[in-house]
Amino acid sequence: MKIVECVPNFSEGRDYKILDQIAEVIKSVKGAFLLDVDPGADTNRTVVTFVGNPDSAIEAAFQAIKKASEIIDMSKHKGAHARMGATDVCPFVPVSGVTMDDCVEYAHRLGKRVGEELGIPVYFYEYAATKPEWKNLAEVRKGEYEALPKKMKDPYWKPDFGPQKFNAKAGATAISAREFLIAYNINLNSRDKKKANDLALTIREKGRLKRDKNNKIIKDKDGNKLRQPGLFTHCKAVGWYIDEYDRAQISINLTNYKITPPHLVLEKVRELAREKGIQVTGSELVGLIPREAILMAGKYYLKRMEESAGLPEKKIIDTAVQSMGLDDLGSFDINEKVIEYAITSKDNLVNMTLIDFADELSTDSPAPGGGSVAALCSAMSGSLSAMVSNLTFGKKGYEKVWKEAGELAEISQNIKERSLDAIDKDTQAFYDMMEASRLPKKNDEEKATRNKAIQEATKNAILVPLETLEIAVEAVELADKISKIGNVNALSDAGVAAITANAAAKSAFLNIKINMSSIEDEKFQFYIMTKSEELLDKVNNLALKVEKEVRGKV
């Protein structure tokens, strides 16, 4: 699942009617999910957070910027926060299935459209910057809105997109790509703000001022104060006391969790706090967290306990919640705090009971159909291999293969999760084909547009089962591996894993083939059919081999 976060900041924090209009246009975009609207009266600025697939996120961002340019007048704006536009900044953040380079592309696509269609000067910053000196937002925004008339006459300040002309009402907008920011607090059993801040100075990247044995600040020969760097990069921290909780906290912003994840910071703080006689009672997540980040934490603690990390996602997340004390100050609902879970539709097929899914499958509705069943078979194959792996890991007599079994369990869970995702993707692909076929066809232009949409939707309806077929290859290879080293008492389950992988592959292939007859692109036809036939043969041959071997042993 490709998920992008977008965090536009609007130069309005007092008029809720304006903010409601901006929120509504975001919510009106299919595939975009509004997560938070955080206004500030003193700053006269509002931070909006929404997520979605790349196309939906770009569209929602454009519509929000367009609406802001219509209803916010920068010539009348006053506020404590630095700003230069009605939409001041608009960063894209990779969450799942996308890279930073992808987000740079999304930022550039949005900037081009904003500049050309709305006539707003656009500047790219951070990862999306086109000039090294513009990576720093403070440099791009220098002089703020009031400096724009002069900047629009200076060749150096020619916008990346949009006219080099002062837009008095909308100002200018800075668009970027940046890493996900995790707001994270560590709870202490102390009420002493100074103790919390001392720990914060030790861990934060900026560190603390160097002092001599008499506690005087050390300076270099030019009189500049010297600093002692902190233990973690991409970490900002400060200690404070919270009346509501009657305790001190270390308030932390982690700007790149892939380098500095919260669980590693927590463990170091626990260690440092113990040395000072302070107890860490737990921690608090402010806002939402990407699934990847909390899964990293769960797997870290499972492996530290020498337990298998090849478990269902929610069990891994539950391990992270317990280990980090994320429920110390209140309940921690993963369906509200983990981005991917927060935006998952409760009506998805994967959320149905087995009875409900079978009933839905048995009606005269053409979807869900064979493609979703193919993905379900692939998921079952991965689940069975995970089960055999976990029945082998840590079990007496299998010590030599514990490490490999643990690794196979994690791979199996990944196969299961990707397959489950494909169940709904396949059904949605069918609905997209139907939607394209309902487009108007009254004249040649409409017919051409409709035909193009049908072709694109049909290609996608082929690529989804192709993905299932590719996963089936991984699933049968996994079944083969675990059948050779796994717990003999579960050998039959390894055989069934191979059989269900084969069923997935054959089912997916039929769904590819039935839609191929509608494709006009002969090169696409040849490439996909050649590839899918090769993959099908590979799965079938290996599955039959595993089945035969297992039948000979049980």
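What number does the stretch 3-177 give for Rg over Rh if you use C-alpha atoms and the Kirkwood radius?
Working: Rg = 14.7 Å, Rh = 15.7 Å.
Result: Rg/Rh = 0.94.
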- Percent breakdown of C-alpha pair distances by 5 Å bin, ordered from the shortest bin, for the stretch 176-253: 3, 15, 19, 19, 16, 13, 9, 5, 1, 0
- Taking every other residue with Cβ under 12 Å from the Cβ of Asp327 and scoring Lys and Arg +1, Asp and Glu -1, one gets -3
- Item | Calculated semi-axes √(5λ) of the Cα gyration tensor in Å (choose from (1) 62, 28, 25; (2) 45, 37, 19; (3) 36, 32, 22), label | (2)
- Message: Taking only the Cα atoms of the stretch 193-312, how large is their convex hull per residue, in Å³?
- Response: 153 Å³
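For the chain, return all DSSP H helices satisfying: extent of Cα atoms along own axis at least 24 Å; mean Kyte-Doolittle hydropathy at least 0.5.
Details: long enough: 54-71 (26 Å, 0.02); 100-118 (26 Å, -0.71); 370-392 (33 Å, 1.00); 402-437 (53 Å, -0.76); 444-485 (62 Å, -0.18); 491-516 (38 Å, 0.77); 522-553 (46 Å, -0.66).
Answer set is 370-392, 491-516.
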- Query: Taking +1 at the Cβ of each Lys and Arg and -1 at the Cβ of each Asp and Glu, which of Ile65, Gly230, Asn511 sits farthest along the dipole of the chain towards its positive end, judged by Cα position relative to the Cα centre?
  - Reply: Gly230
- Message: Suppose we look only past 20 Å in the calculated P(r) of the stretch 349-553. What percent of the Cα-Cα pairs does that tail hold?
- Response: 60 percent
- Partner lysines for Lys523 [C-alpha distance under 18 Å; skip if fewer than 8 residues away on the same chain]: Lys452, Lys459, Lys513, Lys531
- Item | Unit charges at the beta carbon, dipole of the stretch 350-469: most positive-side option, Tyr398, Pro366, Thr449 | Tyr398
- Note on the structure: CD proxy, 222 nm, the chain: helix-only mean residue ellipticity via -39,500 (n - 2.57) per DSSP H run with n ≥ 4, per residue, nearest 500, stands at -17000 deg cm²/dmol
- the stretch 349-553, relative contact order in percent, only Cα pairs under 8 angstrom and at least six apart counted: 28 percent
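Using the Cα gyration tensor of the stretch 228-373, with a ≥ b ≥ c the square roots of its eigenvalues, what is the shape: rounded (a/c below 1.5), prolate (a/b larger than b/c) or oblate (neither)?
prolate
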- Residues with beta-carbon under 10 Å from that of Ser378, excluding Ser378: net charge, scoring Lys, Arg +1 and Asp, Glu -1? -1
- Query: Over the stretch 206-256, what is the mean sequence separation of C-alpha contacts under 8 Å (at least six apart), divided by residue count, expressed as relative contact order in percent?
  - Reply: 28 percent
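Order these peptides, 24-32, 66-74, 192-200, by their mean beta-carbon neighbour count within 10 angstrom, highest first.
Details: 24-32: 16.7, 66-74: 20.6, 192-200: 18.8.
For the peptides 24-32, 66-74, 192-200, the packing ranking is 66-74, 192-200, 24-32.
Every number in this text was worked out from the coordinates using simple rules, so none of it is lab data. Just so we're clear, the structure is a prediction, and the values are computed from it rather than from any experiment. Cβ sites come from the backbone with ideal geometry, for glycine too, and all protein chains shown count toward neighbours.
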